[in-house]
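Only one structure is covered here, and it is reproduced in the block below.
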Amino acid sequence: MALLLTRNLPALGRSAACSTIRRHVFLTPVRAASGDAKPDKPETVGKAMLAKHLAEDQSLSVKKATEVIDALLDDIMLSVAEGKTVTIPGFGSWKKRTRAARKGRNPQTGEPLDIPEGVAPAFSAGNVFKGVVKKGSWDAYEQWAEEEKAAAAAKRAAKKK
């Protein structure tokens, strides 16, 4: 069963929330406490930065934006814990995944041991998410998508002739 998350975002429409996520989740970095991040370590976007961008884009207070993000994350976690699949089209989906019991080895002693069955959350990125990451920015992805759409339309038109 899939759950489409829109019910806990009363202040935002689904498209508004998605456009905010598209623009800011991966494109606006948070600086390290010292002012500059280490050159070999990627910068991280935190919940506070997401809340700030959401507040700016949707004319909300930062507190309200943080509440919206918390409600969204709580809903995702609780739904996955109940065994539901949570899907945000284009972005990705979360689900509960069961890992089978297996044999392993103690890395210090090398002796064999039994690892019991377990459960863990799993995230699968959607096609739009993958495309934006692959192209490096939202604008580059949109340009590529338009070019692909035009090429497909030209191919269909040529096929009809």
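Using only the alpha carbon atoms of the stretch 101-151, find the Kirkwood hydrodynamic radius as the inverse mean reciprocal pair distance, in angstroms to one decimal. Spell out each step's value before the answer.
Details: mean 1/r = 0.0674 Å⁻¹.
Kirkwood radius, the stretch 101-151: 14.8 Å.
Of LYS47/LYS135; LYS95/LYS135; LYS84/LYS130; LYS103/LYS134; LYS64/LYS95; LYS47/LYS84, which pairs sit farther than 31 Å apart, going by alpha carbon to alpha carbon?
Listed pairs above 31 Å: LYS103/LYS134.
With +1 on each Lys and Arg Cβ and -1 on each Asp and Glu Cβ, and nothing else charged, work out how big the dipole of the stretch 64-161 is about its Cα centre, in Debye to the nearest 20.
Numbers: 18 positive and 13 negative charges, 180 e Å.
So the magnitude is around 860 debye.
Just so you know, all these numbers are worked out from the coordinates, no wet-lab data involved. Here the structure is a predicted model, which means the values were calculated and not measured. No Cβ is skipped: glycine too gets one built from the backbone with ideal geometry, and neighbour counts run over all protein chains shown.
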